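We did not get these values from a lab; they are worked out from the coordinates using the rules stated. Bear in mind that the values here come from a model prediction, so they are computed numbers and not experimental data. Glycine gets a Cβ as well: all are built from the backbone with ideal geometry, and neighbour counts include every protein chain shown.
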Amino acid sequence: YLKISKLALAFAIIHSKPPGKSCKEYTEHLAKTVSEQDFGWKSKVEVLEAEVLRLRQELLLSKICPRFCLENGKPNASAEILLDQECLNPMSYSSQLEDSGCDVSNDCTSEFLGIASDFHQSEHNVDTSKCWVERIPPLNLCCASKEESLTAPVQFLQHLLEIRKLSEGGILQADFTELENDSFTVCNSVSRLLDGLTIFYNSPKFPVSNFLNEAVCVLISLITDSKLSNHVLKKCFKKLEEFKKNLIQIILRNSSVNRFQALHAVSHTLVLLGRNNILLRNSLVSLLLREVRQFAEQLLQAHQIDAMYDITQYENIFPLCMILEQLLQNETEDSNVSSSHYDGEEKMTFLKNLDQIILHLSDEFPLFSLYLWRVSVLLNSAQIQ
């Protein structure tokens, strides 16, 4: 049936082609016309899907807390009054990175990229007798295309966090069991947030806008919140795993000259994800160990047969080693984050024959060998203690 259909279509094209055009040119013209029509329908469908998601977000928020209803994407008057009564701690975004190529100032980068960690730390420093809530600055709906995909999920998740903080302080009555009844809205919002961040990290522009840093802060707040993190991790764990894998590949494959500033931003996001949740940390450590081990084995093989190796990948492997070191060091020092030491299959595979690899690479690649040794020491720290 398929062959007959294709033959009939071919005859129809031949018989209907205008004079002066070949069959190939006419076929390409018809294909282009059809694809443009499909693109138009797809764009309309995407707009309608986004509108449906926005309505579902508003409905879910109204079910969780009727007093915190939304009007045109903003809290109503009563919600604004409730927010004004709270302890507000607005974030400062005065520090902006400049594209300085390979030479990145540690002070400037740490100040800028530490916004999310400072935000998380400040939450613990506030007097627990007062209900702390993050006051969200108005979002610009006419933002760049990369930010447009983040606007709706960030707004929804921000309002969800606001309700959570207000209910924790006893100011609002909220029913978070509704999250179980409508997991699609939360999952879709988190997925869109992760997809939007991935698009930015694939082709970042500096200085980074305040809104994109705000999106990272929202993501970290979700996975650290005592109630919301369970819903997010339970429903979106696979998406978070995919997000981490994408960020790791962005680090490894980036070959631009001025890439080190962007790699540092991606690395910082990965560290924040792993540092604030045990499940995410353990899976991230496994992913990083696998990538570092595979590269070490490839580098050893190339060194033994005196073959060429990818110098760009060699340079990019160091951010992964730094992330590993920070996560493993954080595990041994911070009892709040690590209730149990990492002891996975990737750890055993990584440590197997590691001494021989370090021995053969130490003369030609001393810095990489040193990082391998430091990681192995941190992996064995539990047994040493």
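In percent, rounded to a whole number, the relative contact order of the range 146-276 is 30, using alpha-carbon pairs under 8 Å and six or more apart. On a straight-distance basis, which lysines could pair with LYS3 in a cross-link, Cα separation under 24 angstrom, same-chain partners fewer than 8 positions away excluded? Partners found: LYS17, LYS24, LYS32. Put a dot 7 Å past the Cα of SER43, heading toward its Cβ, do the same for LYS63, and the two dots end up 3.4 nm apart. Counting only Cα atoms, the size of the range 226-289 along its three principal axes is 42, 18, 17 Å, in decreasing order.
Beyond 27 Å, what percent of the Cα pairs of the range 146-276 remain? Before the final figure, lay out the partial values.
Values: 1775 of 8515 pairs.
Summing the P(r) of the range 146-276 above 27 Å gives 21 percent of all pairs.
Given R0 = 22 Å, the distance between the Cβ atoms of GLU242 and ARG290 translates into a calculated FRET efficiency of 0.90. Charge tally for LEU354 (other residues, Cβ to Cβ under 14 Å; Lys, Arg +1; Asp, Glu -1): +2. Each label point was placed 7 Å from the Cα along the Cα-to-Cβ direction; for SER16 and ASP355 their separation is 7.6 nm.
Lysine pairs in the range 181-290 with Cα distance under 18 Å, only those 8 or more apart or on different chains: how many are there? Present the calculation step by step, with values, prior to reporting the outcome.
Numbers: LYS227/LYS235; LYS234/LYS244; LYS235/LYS244; LYS235/LYS245.
So the count works out to 4.
ASN380 to GLU168: extension gain in nm, 0.36 nm per residue of separation minus the Cα-Cα distance? Spell out each step's value before the answer.
Details: separation 212, 0.36 × 212 = 76.32 nm, distance 4.01 nm.
Difference between extended and current length: 72.3 nm.
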